[in-house]
Each structure stands twice: as C-alpha cells, then as structure tokens.
Amino acid sequence: MAGQWNLNGYYDPAKLTDLYEAVRRRESTRLFAAAPCAEKWNALLAAADSLALPGVRIALGICDNSLFQPLFGLLMKFENVQRFAAVITQDAQAETLVNAGVSGEMFMLRAVALGLGGCWVSGTFKRGQVGIHTKDGEKIVSLIALGVPKRMPEPPLARKRKPVTEICPHYEEMPPALREVAEYIRVAPSAVNLQPWRITPAGENAINIAVSLPRLRLDLGIAMCHALLALGSTPAQFMLDETGMSATLTLL
Ligand SMILES: Cc1cc2nc3c(=O)[nH]c(=O)nc-3n(C[C@H](O)[C@H](O)[C@H](O)COP(=O)(O)O)c2cc1C
C-alpha cells in the first residue's frame, strides 16, 4: 500500500558500505573461471537470507552451463556457470515483484563485493532444469548466474547507456543528492538493457521513478536498490503506488 512500503528502514546503511562501491564495478558477467569457493558460498548463503525483503526468497543452486542459453547468438553466451541464485516471489502482489528486484540486486552487489560476478537471467534459462523446490504461491522470477569472473571488471567500465537526461529530463535542475540517485540508477542492469526508468521531479525534494509496463516491476526494484545505495545515510522516504510501477523518493 502507498506509504507503507517495507523498503523504508529495512536495510541498515552501515551494513551496505561495500555495496556502494560495488555499483561501480558491477557488470553482467557471463563467462566464469570457477565456482565461488566454500567461504564465499557461505557468505552468499548469509546474504541471501539477510538481503531478501518480506515476500522474497533467494535460494542458491548448483548447475551446469547448459541451464543458460545464449541471447543474440554468441554475443551473450554463458561459459562455465556452476552456481546460481533463484530470486523467488512468495505471493503475486505488485509490490513483491518490485521487492524482488531490490533484494536480488542487493544480493548481486554483495557477490561483486566478495570478488565474484553475476548476471541476472530472467529469459534465457531452461525452467525445467532449475531444480529448486518452490512452495505453493512461489514463483521464480529470475535467476542470477554466479561465479568467479573469467576477466575481472576494471572501472571505469564502458557501459552502453542512454544519456542521463534521456531517463531524467530535469536532471540539471535537481538537487545534487537526487542527481546522484539518477546517476546510480543509470548504471543499473535492466532486462535487454532497456533502461526503462523515467525519473521526474515530484516537488522540490522528491523524485518519481516509473516504468511503463507491469513486467518491468523487477527493473523498477533494481533501480530502487541503486537509489537507496546512492543515498547512503541521507534520510529519505520511499513510497510505491498500488500498481507497483511508480515509486517516489522524498528527501527528509
Ligand atoms: C531483470 C533482468 C533480466 C535479464 N535477463 C537476461 C537474460 O535472460 N540473458 C542475458 O544474457 N542477460 C540478461 N540480463 C542482463 C542484461 O542484458 C544487462 O544487465 C544489460 O545488458 C546491461 O549490461 P550490464 O549489466 O553489463 O550493465 C538481464 C538483466 C536484468 C536486470
């Protein structure tokens, strides 16, 4: 319900410190040298528990590379994927899918902070081969391929992104804290790199972040994860409308 979004106050900014920096180093990793070592796997298990918002479950699994299929021919092929995370919604509420985006991206950035890499995969995996048991009402909304990258990303990364003013037309007029939010959202991953977010002012100290289709709620959640990280400890309130396609961030 608007105004009651459980994102507010859920994460302790002090515990996210290494994720702010991980945003700079994250890129979609599809080619892996190895699976995470046991120590990092344990850290991922703990992260899966602590970073999942209410209504969301993150389950880790073992796989072989054939779970993932290439997108656009060989351009986006997967190599040596041995581990994955399944991002699961436990109910069909609009808000839960947005929460799945927030939680999954927090988890992804934790993996990057641990020196691992990953790639959201919501389309190009074989559903029948996942092997994660789901309870009634649960749905796997995406997988995240995980592992030690074959090549470590070296920032600054060359990213294929729209100019910031295309996703945020009033960028120049916004206060610095909200411009930083727009920049963090701009580098977020999105399905087929659609970058479907529209960021518009909603009063002097607030912005609205919206997507145009229900299936883009996951991408909205990913953007909200980046927004939250951009703010750090700056106090803010988040609201989500009942469609789950439009969120408002107000600086307090
Ligand atoms: C929700 C979501 C679903 C995605 N699904 C796939 C997929 O099925 N296959 C794939 O190869 N990449 C997939 N991606 C990765 C995007 O293509 C990638 O994030 C985008 O091209 C931006 O590149 P970057 O992540 O390296 O910044 C997905 C990303 C997101 C956020």
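Quick note: the coordinates plus some simple rules give every number you see, no bench work behind them. These numbers come from a predicted model, not from an experiment. Virtual Cβ from ideal backbone geometry, glycine too; neighbours counted across all protein chains shown.
In debye, nearest 20: dipole of the stretch 164-251 around its Cα centre with unit charges on the Cβ of K, R (+) and D, E (-)? All intermediate terms of the calculation are to be shown ahead of the outcome.
Details: 5 positive and 9 negative charges, 54 e Å.
The dipole magnitude comes to about 260 debye.
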Inset, instruction - Evaluate the Debye formula for the stretch 1-116 with equal point scatterers sitting on the alpha carbons, no solvent, and hand back log10 of I(q)/I(0) at q = 0.14, 0.19, 0.21, 0.22 Å⁻¹, in q order, two decimals. - result: -0.66, -1.12, -1.27, -1.34
Legend entry - Least to most buried among H226, H170 (fewest other Cβ within 10 Å first): H170, H226
Inset, instruction - For the stretch 28-137, state which trypsin sites (Lys or Arg not before Pro) are in a DSSP loop and have at most 14 other beta carbons lying within 10 Å of their beta carbon. - result: K126, K135
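Cβ neighbours within 10 Å, averaged per peptide: list 232-238, 9-15, 42-48 in order, most packed at the top. Kindly include the intermediate steps, with their values, before the conclusion.
Numbers: 232-238: 14.1, 9-15: 12.3, 42-48: 16.6.
Descending packing order for the listed peptides: 42-48, 232-238, 9-15.
Take the Cα atoms of the stretch 164-251, build their convex hull, and give its volume per residue in Å³.
On the way: hull volume 7.0 nm³, N = 88.
Each residue corresponds to 80 Å³ of Cα convex hull volume.
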Inset, instruction - Give the residue from A100, N80, P54 lying farthest towards the positive end of the charge dipole for the stretch 1-150; charges sit on Cβ (+1 for Lys and Arg, -1 for Asp and Glu) and the dipole is referred to the Cα centre. - result: N80
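Arrange I140, I88, I62 by Cβ neighbour counts within 10 Å, fewest through most, would you? Intermediate results must be reported in sequence, preceding the final value.
On the way: I140 18, I88 23, I62 11.
Ranking I140, I88, I62 by Cβ neighbours within 10 Å, fewest first, gives I62, I140, I88.
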Inset, instruction - Arrange M76, M108 by Cβ neighbour counts within 10 Å, fewest through most, would you? - result: M76, M108
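Report the local net charge at M152: Lys and Arg +1, Asp and Glu -1, summed over other residues whose C-beta lies under 11 Å from its C-beta. Spell out each step's value before the answer.
Working: positive: R25, K150, R151; negative: E27, E154.
Once positives and negatives cancel, what remains is +1.
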Inset, instruction - Specify the angular offset, from 0 to 90 degrees and rounded to the nearest 10, of the alpha carbon long axis of helix 217-231 from the longest principal axis of the alpha carbons in the chain. - result: 70 degrees
Legend entry - Percent of Cα pairs exceeding the 28 Å cut-off, where the set is the chain: 28 percent
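Quick one: in the stretch 160-202, what % of C-alpha pairs are over 16 Å apart?
Working: 246 of 903 pairs.
Cα-Cα pairs of the stretch 160-202 separated by over 16 Å account for 27 percent.
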Legend entry - Two-site FRET efficiency, E204 against Q4, from Cβ-Cβ distance with R₀ of 35 Å, rounded to 0.05: 0.90
Inset, instruction - Calculate for the chain the 222 nm mean residue ellipticity that helices alone would give, adding -39,500 (n - 2.57) per DSSP H run of length 4 or more and normalising by residue count, nearest 500 deg cm²/dmol. - result: -9000 deg cm²/dmol
Legend entry - the chain: most fluctuating residue of A202, A94, A86 per GNM, C-alpha cutoff 10 Å: A202
Legend entry - Residue (of G147, V164, W120) at the positive-pole extreme of the stretch 101-178, dipole from beta-carbon charges: G147
Legend entry - Positive minus negative residues near P169 (Lys, Arg vs Asp, Glu; Cβ under 12 Å): -1
Legend entry - Dipole of the chain [Lys/Arg +1, Asp/Glu -1 at C-beta], most positive-end residue of T234, L252, Y11: Y11
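In debye, nearest 20, what is the charge dipole magnitude of the chain about its Cα centre with +1 on Lys and Arg Cβ and -1 on Asp and Glu Cβ, if you could check?
On the way: 25 positive and 23 negative charges, 192 e Å.
For this selection, approximately 920 debye.
K77 to N193: FRET efficiency via 1/(1 + (r/R0)^6), r the Cβ-Cβ distance, R0 22 Å, to the nearest 0.05? It would help to have the intermediate numbers written out before the result.
Details: r = 16 Å, r/R0 = 0.74.
Efficiency, from the Cβ-Cβ distance: 0.85.
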